[in-house]
Every structure is written in structure tokens, then in C-alpha cells.
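Participant: If you scroll down you'll find the structure; I have some questions about it.
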Amino acid sequence: MNAPARAEASQRRMAIAQGLTMAVIALAAFAAGVGLFVPSVYRETEWVVPQNRGQDLVTLLALLVLMPVLAAARRGSPRSTLVWLGLVGYLAYTYTGAAFAYGFNVLFPVYVALFALSGAVLIAALSGIDAHALLPAFDAGTPRRGVIVFLLVLAAVLTLLWASQIVPFYTRGQLPEMIVKAKTPTVFVYVLDLGVVVPLSLLAARWLAQGRAWGHVLAGFVLVKAATMGLALLAMTLFAWRAGLAVDLGLSAAWIALAAAGLAMSWWFFRHCRGLAAARG
């Protein structure tokens, strides 16, 4: 396939991804809205339901950001393209968990649709994006070292945090507290964080250190995911506290730190990602 044909195919895949994102926005707004305002839809324990609603609130806020970001991405903004991918990554993470781990409820078909559509958006977008064409949008002041450190710390913290809950099962036969309180057979967060977020963080750090174009794409993706994950965990904790449940002050402080650091690093990284015309000028 020659260069013009590759470019046309890439543009077609990006257009498909952006079109599917509109369906994701509509379905996620419906699911999160119902969950937040009609909490009886959830069939989990009293420890889980408030946290689900906290996540729904952050999802609705993320959608408010995603709509103008998607419009800017369609106009060719490199910064908005990367933020769009990160926000869709947050939705894919959220509704993969909902589809596989939430108690069966009337929103189950919506969860399945969101799981499939958000995954399709990421596949189409990541196969259509031209990472090398985006690289010149990052100026010389891009904080690559700072982002690398953040990504490595994120991977280490998630690994140590969840390992501290998993390892006691092998040493003392003690089930993780989240499984006991949620009354579920497993915890999907362990799977997605240790199996997806941690490896992606390490890969992004390595590629960014090597100066690869895809390192910048993946770093932006993980930074947005870290910021939204921190905000979601913080909202989940606040909703649990409002419901009269005991909250872990240490974990609450960790979620505040994660949200603040994720937002700060995202802002620092993306402020150095400009329009391609500005970069060339």
C-alpha cells in the first residue's frame, strides 16, 4: 500500500473511531445517569453501591470534557486527539468492569455495548493514528523525565497496593478485604490494574525514555487514565463516607494524591503539545 492509500485508510479508521465515540458518549451518559439518580438499579452490597454512584458522577463529568475534546480532535488537534484516547480508555476500563463484575441488572445490555464500542474505538483509533506525525507537536520543553518518573511510580504504587491485599491469601489464607466486603468471587480492579494499567505504564515509560513517537501517545493515554482513575476513586470514597461507611484514611490520602498528581502531570505534559502548524512555525 502506497503512502496516499495508507493515509486515506488511517483517516477512515480515525473517522470510524470518532463516530463510534458519539455512541459511547450517549450510552455512557444514560448508564451513569441512571446509576447516579436511580441507585436501586444496583444489586451490590451496601459497601459497593455508594462507590458505584461515585464512579457514575465522575463518568458524567468525564463525558462533559469528552464532548468538546472530541470536536477538537475531529478538527485535527494533536492534544485533543491524545486526551480523547485517554478518556475513552477510562470509559473502556469502567465498563469492562461493569460488564464483568457488576451484579446483573437492567443496564447489563448497555454495559456490554459500552464494553464492545469503547474497545472498538480504541482499536480503530490506535490503528489509525499516525504517532510520528503527532511527535512534532511536542515542543522542546516537554517534561519527558518527569512523566517517566510518574509512570514508574504509578506502576510501583499500584503493584504494591494490590499485592499487599493479594499476598496474605497465599501466606495466611486471608481473603482480600474488598472481596469480603463486596461479596464477590474476585476483584476486577486487580485484573485491569495489574494486567493492563501497570504494563502500559511501564511500556510508556520505556518508549518515552527512548524518544519513540508511540511513547508520547501511550504516555498521554496513561496520564489521562491516571487522573480520571484518581478522581473516580476519590469520588467513590466520598460517596461511601456520605453513606455512613467507614473509610480508610490512608487510602483516601492516596486517592487524593493520585488525582492531584495525575491532573498536574497531564496538564504539564499536554501544555507542551501544540498544534502542528505552531510546532512547525
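The values are calculated or read from the model by the stated rules, or taken from the named source; none is laboratory data. Just so you know, these numbers come straight off a predicted model, no measurement behind them. We place every Cβ from the backbone using ideal geometry, glycine too, and count neighbours over all the protein chains shown.
Participant: Inspect all residues belonging to segment 174-183 and state whether any of them is among the β-branched types (Val, Ile, Thr) and at pLDDT 90 or above.
Facilitator: For segment 174-183, residues among the β-branched types (Val, Ile, Thr) and at pLDDT 90 or above: absent.
Participant: For segment 213-236, indicate whether the set of residues that are touching a Lys or Arg at 6+ places or on another chain (Cβ under 7 Å) and over 24 Å from residue 163 (Cβ atoms) is non-empty.
Facilitator: So far as segment 213-236 goes, no, none of its residues is touching a Lys or Arg at 6+ places or on another chain (Cβ under 7 Å) and over 24 Å from residue 163 (Cβ atoms).
Participant: Right, here's the next one. So which pairs qualify, if the first residue must be in segment 83-103 and over 12 Å from residue 125 (Cβ atoms) and free of Cβ contacts under 8 Å to residues at least 40 places away in the same chain, the second must be surrounded by 21 or more Cβ atoms within 10 Å (Cβ to Cβ) and not hydrophobic (A, V, I, L, M, F, W, C), the Cβ gap must be under 8 Å, and the two must be at least 6 apart or on different chains?
Facilitator: 99/111
Participant: If the requirement is being within 23 Å of the chain's Cα centre (by Cα), part of a helix (DSSP H, G or I) and without any contact (Cβ under 8 Å) to a residue 12 or more places away in the chain, which of these qualifies: 163, 155, 204?
Facilitator: Numbers: 155 fails: without any contact (Cβ under 8 Å) to a residue 12 or more places away in the chain; 204 fails: without any contact (Cβ under 8 Å) to a residue 12 or more places away in the chain.
On inspection, the qualifying residue turns out to be 163.
Participant: Still on this structure, please answer the following. Count, please, the residues in segment 62-82 that happen to be in contact (Cβ under 8 Å) with a residue 60 or more places away in the chain and surrounded by fewer than 22 Cβ atoms within 10 Å (Cβ to Cβ).
Facilitator: Matching residues across segment 62-82 total 3.
Participant: While we're here: What pairs can you find where one residue is in segment 105-127 and at positive phi and surrounded by fewer than 16 Cβ atoms within 10 Å (Cβ to Cβ), the other is polar (S, T, N, Q) and at pLDDT 95 or above, and their Cβ atoms are less than 6 Å apart, with a gap of 6+ or different chains?
Facilitator: From segment 105-127, no pairs qualify.
Participant: Of the residues 247, 222, 217, which is outside any helix (DSSP H, G or I) and of a type outside the set (Gly, Ala, Ser)?
Facilitator: 247
Participant: Under the condition of being at pLDDT below 95 and not small (Gly, Ala, Ser), which residue from segment 53-78 is nearest to residue 124 (Cα to Cα)?
Facilitator: Filtering first and then ranking leaves 74.
Participant: Got at least one residue in segment 86-101 being modelled with pLDDT of 95 or more, under 16 Å from the mean Cα position of the chain (by Cα), closer than 26 Å to residue 244 by Cα and surrounded by fewer than 16 Cβ atoms within 10 Å (Cβ to Cβ)?
Facilitator: No, there is no match, as no residue in segment 86-101 is modelled with pLDDT of 95 or more, under 16 Å from the mean Cα position of the chain (by Cα), closer than 26 Å to residue 244 by Cα and surrounded by fewer than 16 Cβ atoms within 10 Å (Cβ to Cβ).
Participant: Additional query: Out of 187, 167, report the one residue that is out of contact with any Cys (no Cβ under 7 Å at 6 or more places or on another chain), crowded, with 16+ Cβ neighbours inside 10 Å and at negative phi. Give the steps one after another, and end with the answer.
Facilitator: Details: 167 fails: crowded, with 16+ Cβ neighbours inside 10 Å.
Going through 187, 167 in turn, just one is out of contact with any Cys (no Cβ under 7 Å at 6 or more places or on another chain), crowded, with 16+ Cβ neighbours inside 10 Å and at negative phi: 187.
Participant: Moving on to the next point. When the residues of segment 163-218 are narrowed to those that are in contact with a helix residue (DSSP H, G or I) (Cβ under 7 Å, 6 or more places away or on another chain) and among the aromatic types (Phe, Trp, Tyr), which ends up nearest to residue 51 (Cα to Cα)?
Facilitator: 188
Participant: Within segment 12-26, is there a residue that is surrounded by fewer than 18 Cβ atoms within 10 Å (Cβ to Cβ) and outside any helix (DSSP H, G or I)?
Facilitator: Checked against the condition, which is being surrounded by fewer than 18 Cβ atoms within 10 Å (Cβ to Cβ) and outside any helix (DSSP H, G or I), segment 12-26 yields no hits at all.
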